[in-house]
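Working notes, structure below.
The values are calculated or read from the model by the stated rules, or taken from the named source; none is laboratory data. Worth saying up front: this structure is predicted, and the values here are computed from it rather than measured. Neighbour counts are summed over all protein chains in view; Cβ atoms, including those assigned to glycine, are modelled from backbone coordinates with ideal geometry.
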Amino acid sequence: MRGGELKILIACIFLVASFIVSAEMVGQKVPFCPAKINASEQNIDFEKYRGKVILIDFWATWCPPCKQSMPFLNALRNELVSQGFEIIAINVDDDREGALAFLKAYPVDYLLGFDSSGVCPSTFDVKAMPSSYFIDKQGRVRDIHLGYRENDQRYIRNKITELLAEKRP
Amino acid sequence: MYKVIILWVIIFLPACSVKPWERGNLAKQKMAINPNPGLNALRDHAFTSKEASQGGFGSSGGGCGCN
């Protein structure tokens with residue numbers, strides 16, 4: 001292999017590596033993403049929730065653990081909403097109508113966003129379904145929880161309680 | 001030059017992965033290796049009942065078709 005070809009190859013490896021190594025989200029300000037609120041065309045404004053602890057949950061109807069997590073998240077939200085906790089669930093289904101039909105059968109009380117374009121999960125660098133992003137009162141990502149099993153309930157609850165206990169500077 | 005092209009393909013193929021939120025179609029039942037598990041189980045049952053000496057998969061039967 002000649003020197004020129006070797007240089008091209010090394011450049012390619014670095015280019016690919018830059019795609020693979022994604023930015024670390026924890027500690028960063030919650031990014032903007034164009035998820036639409038419920039059936040409207042209005043974008044979700046995360047800044048509106050500054051001062052509250054929010055959990056941004058990425059879910060889809062084809063994802064069984066996502067659906068399994070919803071009753072727990074809804075109960076947790078209703079229990080802690082008076083303390084300043086809110087959940088924003090972003091649906092990533094291609095078919096929004098299918099998701100709305102599912103929500104009609106299994107309604108939840110928290111805010112729902114829809115993004116079939118994939119821009120939101122890409123912006124948040126979603127690694128698994130479901131993915132939960134814990135946002136503190138300053139609007140920063142404090143933790144990311146991947147997947148959902150019943151054993152995770154305690155961890156999620158503890159993390160939310162911990163963030164709620166923090167004082168806003 | 002061909003070596004570079006082959007290496008290029010090998011390097012870039014993993015970059016074409018399906019993202020976690022793009023797996024809706026892959027999650028459909030018809031995309032499973034065994035899309036009709038119930039039907040296959042019934043056929044296996046009939047097969048092992050009638051051809052007890054053959055197979056080597058699923059549950060074995062004595063030929064009565066009652067298990």
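Where in the stretch A:37-134 are there helices (runs of 4 or more DSSP H), lying fully within it, with 3 or more residues that are within 15 Å of the chain's Cα centre (by Cα) and within 11 Å of chain B (Cβ to nearest Cβ)? Let's see the steps before the verdict.
Details: elements: A:64-80, A:96-105, A:119-123.
Passing ranges, in order: A:119-123.
Considering only the stretch B:1-33, state which residues are among the aromatic types (Phe, Trp, Tyr), within 10 Å of chain A (Cβ to nearest Cβ) and farther than 14 Å from A:Val92 by Cα. I'd like the intermediate steps shown before the answer.
Within the stretch B:1-33, the first condition is being among the aromatic types (Phe, Trp, Tyr), and the residues that meet it are B:2, B:8, B:12, B:21.
Then drop every residue that is not within 10 Å of chain A (Cβ to nearest Cβ), which leaves B:8, B:12, B:21.
The answer is B:Trp8, B:Phe12.
Give the residue, chosen from A:Lys137, A:Lys159, A:Lys167, that is part of a helix (DSSP H, G or I) and either at pLDDT 95 or above or basic (Lys, Arg) (or both). So that I can check it myself, show each step before the final result.
Values: A:Lys137 fails: part of a helix (DSSP H, G or I); A:Lys167 fails: part of a helix (DSSP H, G or I).
The match here is A:Lys159.
Each row is one residue, and each column tells you yes or no for (1) in a loop (DSSP other than H, G, I, E, B); (2) modelled with pLDDT under 75.
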site	(1), (2)
B:Trp8	no, no
B:Gly24	yes, no
B:Asn40	no, no
B:Asn67	yes, yes
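Can you pull out every residue in the stretch B:7-25 that is surrounded by fewer than 13 Cβ atoms within 10 Å (Cβ to Cβ) and either under 16 Å from A:Pro130 (Cα atoms) or in contact with a strand residue (DSSP E or B) (Cβ under 6 Å, 6 or more places away or on another chain) (or both)? Write out each step before concluding.
Quick first cut of the stretch B:7-25, residues surrounded by fewer than 13 Cβ atoms within 10 Å (Cβ to Cβ) only: B:9-10, B:13-18, B:25.
Result: B:Val18, single match.
Residues in the stretch A:26-38: is at least one small (Gly, Ala, Ser), modelled with pLDDT of 95 or more and within 25 Å of A:Glu162 (Cβ to Cβ)? Please lay out each step first, then the result.
Step one: list which residues in the stretch A:26-38 are small (Gly, Ala, Ser), which gives A:27, A:35.
Adding the requirement that they be modelled with pLDDT of 95 or more leaves none.
No: the stretch A:26-38 contains no residue that is small (Gly, Ala, Ser), modelled with pLDDT of 95 or more and within 25 Å of A:Glu162 (Cβ to Cβ).
Step by step: first the residues of the stretch A:68-96, then only those that are of a type in the set (Gly, Ala, Ser) and in contact with a Phe, Trp or Tyr (Cβ under 7 Å, 6 or more places away or on another chain), then the one that is nearest to B:Ala27 (Cα to Cα). Which residue is that? Break it down into steps so the answer makes sense when it comes.
Start the filter on the stretch A:68-96 by keeping residues that are of a type in the set (Gly, Ala, Ser), which leaves A:69, A:75, A:82, A:84, A:89.
The next check asks that each one be in contact with a Phe, Trp or Tyr (Cβ under 7 Å, 6 or more places away or on another chain); those that pass are A:69, A:89.
Details: A:Ser69: 18, A:Ala89: 20 Å.
Within the stretch A:68-96, the match that is nearest to B:Ala27 (Cα to Cα) is A:Ser69.
For A:Ile156, indicate whether it is free of Cβ contacts under 8 Å to residues at least 40 places away in the same chain and touching a helix residue (DSSP H, G or I) at 6+ places or on another chain (Cβ under 9 Å).
On the way: free of Cβ contacts under 8 Å to residues at least 40 places away in the same chain: no; touching a helix residue (DSSP H, G or I) at 6+ places or on another chain (Cβ under 9 Å): yes.
No: the conditions fail for A:Ile156.
So which of A:Glu79, A:Glu24, A:Glu47 ends up being closer than 16 Å to A:Arg157 by Cβ and surrounded by fewer than 20 Cβ atoms within 10 Å (Cβ to Cβ)? Working first, answer last.
Numbers: A:Glu24 fails: closer than 16 Å to A:Arg157 by Cβ; A:Glu47 fails: closer than 16 Å to A:Arg157 by Cβ.
Only one candidate qualifies: A:Glu79.
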